[in-house]
Every structure is written in structure tokens, then in C-alpha cells.
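Chemist: Can you read through this structure? Questions will come right after.
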Amino acid sequence: MYFNKNLFLLLFIFCFGVFACSSEKKENASSEIQETESPANKPDQKIILFFGNSLTAGYGIDEDDAFAGLTQQRVDSLGLDYKVINGGLSGETTAGGLSRLDWFLEEQPDIFVLELGGNDGLRGIALSETKSNLLAMVDKVRAKFPETKIILAGMQIPPNMGQEYSNEFKEIYPAVAKEKNVTLIPFLLENVGGIPELNLPDGIHPTEEGHKIVFETIWPYIEQEIN
């Protein structure tokens, strides 16, 4: 597994620390972009909402080439009437996601893909808090839109906070998925994390080619939820 690669660990810890510290500065600008790039949907058009951090946002590449953009390309190629919304924000934590989720629930998402928690783990945030926030986000979506289909993207972290913490962090996602009966993607970065040629020079964020692999990991879960 890629957790044994020391260089990747150092880059992972350093770079996510930088992105987390800069997230407050980026949030307003990101919100403005989301507002201007999210035109009104057709009345009968369904929505797939990706809600996450820099991985979802497609840091370092064109947003259309990130896995959310690739999802839009796939549904378009299949003639499916779905609009994909990218709700990714660099440096985002589960607490931050919970606080901004209402803004994205002004319209009903038919499919909601939740990708958060990695920054919590790298900051050493209490696992109980991360789990509580993930549960609360699922509850918030369900309370407003009971028919929305929810997909939870699992994440893993290197053992910089200790192997026990890392192992317990990994188990949060299947526990939340089981408790709330949502679809689980076991590991979002399967076959991408820790592979240099599939990541940008920071060693963390996937390249365009890496995002293609992430998309192929995600697509079967989305496909099974599409009516």
C-alpha cells in the first residue's frame, strides 16, 4: 500500500497542511465561481452533487477533467438528463462541510456524493467528531430530501498520527455507511494514491490521468443509482 512510501507521506502531510491553512481565503472566491458556473436547471433535469474537498474540486487541473467533470461527460454521452454540480473546496473539513451544506441544498440533488474527512485525519481531529459530522451531513440531506440517493466516498490516511488512529479513521466510513444505510465507495483513491505518475508534483492530487482512474472507481456506484 502507498502508506509505506515515506516521500508520499511527507508530501501528503505538508501539502494538505498548506491547503487547509489557505481554505478560508479560497472559500469566498470558490463560492463566487460556483454561483456563476451553476446556471438554472431545467425543471425536469436531475442533479448529481459532488460535495468534498480539493480532490473533488480538481485541484491543479481543469475542473472539466476532474472526476466530477468526467461524470458530466459520461452522462451526456449516454443521453442522460443529469446536471453535475462540483461542490469541492480545497482544505475543507467535515465541520466546514456541515456548515456550508445548506447552500448546496437549495435544490434537490438526486444523487449526493459525500467526499470529506481526509483533512480531519491529517489534522488529528477527534475521530468521534469526524464521524458525527459525516452522520449529520447524511441526516441533513435526508431530512430535506428523503428521496436523494447518497454515496459516501471512503478515505484513508497515512499513519502520521499513529497506526491506531489511521486504522480507526479508515473504519469510520463503513461504519457511517452501515448506520445510515448509504452506498459506500471503499477507497476513493484506489489505484491512484501514492503512484507518482498519476499525481501532480505535490504527490497528493491526481493528474488528469489519475482523475480518469478515480472516475472509473466512482462511476459504477453512480450508475447503479441512476434511474
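Chemist: Condition first: within 23 Å of Gly117 (Cβ to Cβ), of a type in the set (Val, Ile, Thr) and part of a loop (DSSP other than H, G, I, E, B). Now tell me which residues in segment 194-227 satisfy that.
Modeler: Ile195, Ile204, Thr207
Chemist: Within segment 111-146, count every residue that is within 16 Å of Val182 (Cβ to Cβ), open to solvent by less than 40 Å² (accessible area, probe 1.4 Å) and not in a helix (DSSP H, G or I).
Modeler: Going through segment 111-146 one residue at a time, the tally reaches 8.
Chemist: Return the pair list, or none, for Cβ contacts closer than 9 Å from residues in segment 170-186 that are open to solvent by 20 Å² or more (accessible area, probe 1.4 Å) to residues that are acidic (Asp, Glu), at least 6 apart or on different chains.
Modeler: Filtered contacts from segment 170-186: Lys180/Asp139; Thr183/Glu225.
Chemist: Here is a follow-up. Here are some conditions: (1) outside any helix (DSSP H, G or I); (2) open to solvent by 40 Å² or more (accessible area, probe 1.4 Å); (3) closer than 15 Å to Phe50 by Cα; (4) not basic (Lys, Arg). Asn191 meets all but one. Which one does it not meet?
Modeler: (3)
Chemist: Looking at segment 155-169, which of its residues are surrounded by fewer than 16 Cβ atoms within 10 Å (Cβ to Cβ) and assigned to a loop (DSSP other than H, G, I, E, B)?
Modeler: Correct list: Gly162 only.
Chemist: Still on this model: Name, by its number, the condition in (1) within 15 Å of the chain's Cα centre (by Cα); (2) at pLDDT below 95; (3) surrounded by fewer than 22 Cβ atoms within 10 Å (Cβ to Cβ) that does not hold for Trp219.
Modeler: Here Trp219 meets the rest and fails (2).
Chemist: Going through segment 73-92 one residue at a time, which ones are free of Cβ contacts under 8 Å to residues at least 60 places away in the same chain and crowded, with 17+ Cβ neighbours inside 10 Å?
Modeler: Lys83, Val84, Ile85, Asn86, Gly87, Gly88 - these are the residues of segment 73-92 that are free of Cβ contacts under 8 Å to residues at least 60 places away in the same chain and crowded, with 17+ Cβ neighbours inside 10 Å.
The values are calculated or read from the model by the stated rules, or taken from the named source; none is laboratory data. Since we're looking at a predicted model, the values are computed, not measured. Glycine gets a Cβ as well: all are built from the backbone with ideal geometry, and neighbour counts include every protein chain shown. Ligands, DNA and RNA are stripped out before the accessible areas are found, and what is left, the full protein with its side chains, is counted by its heavy atoms. Shrake-Rupley method; radii C 1.70, N 1.55, O 1.52, S 1.80 Å.
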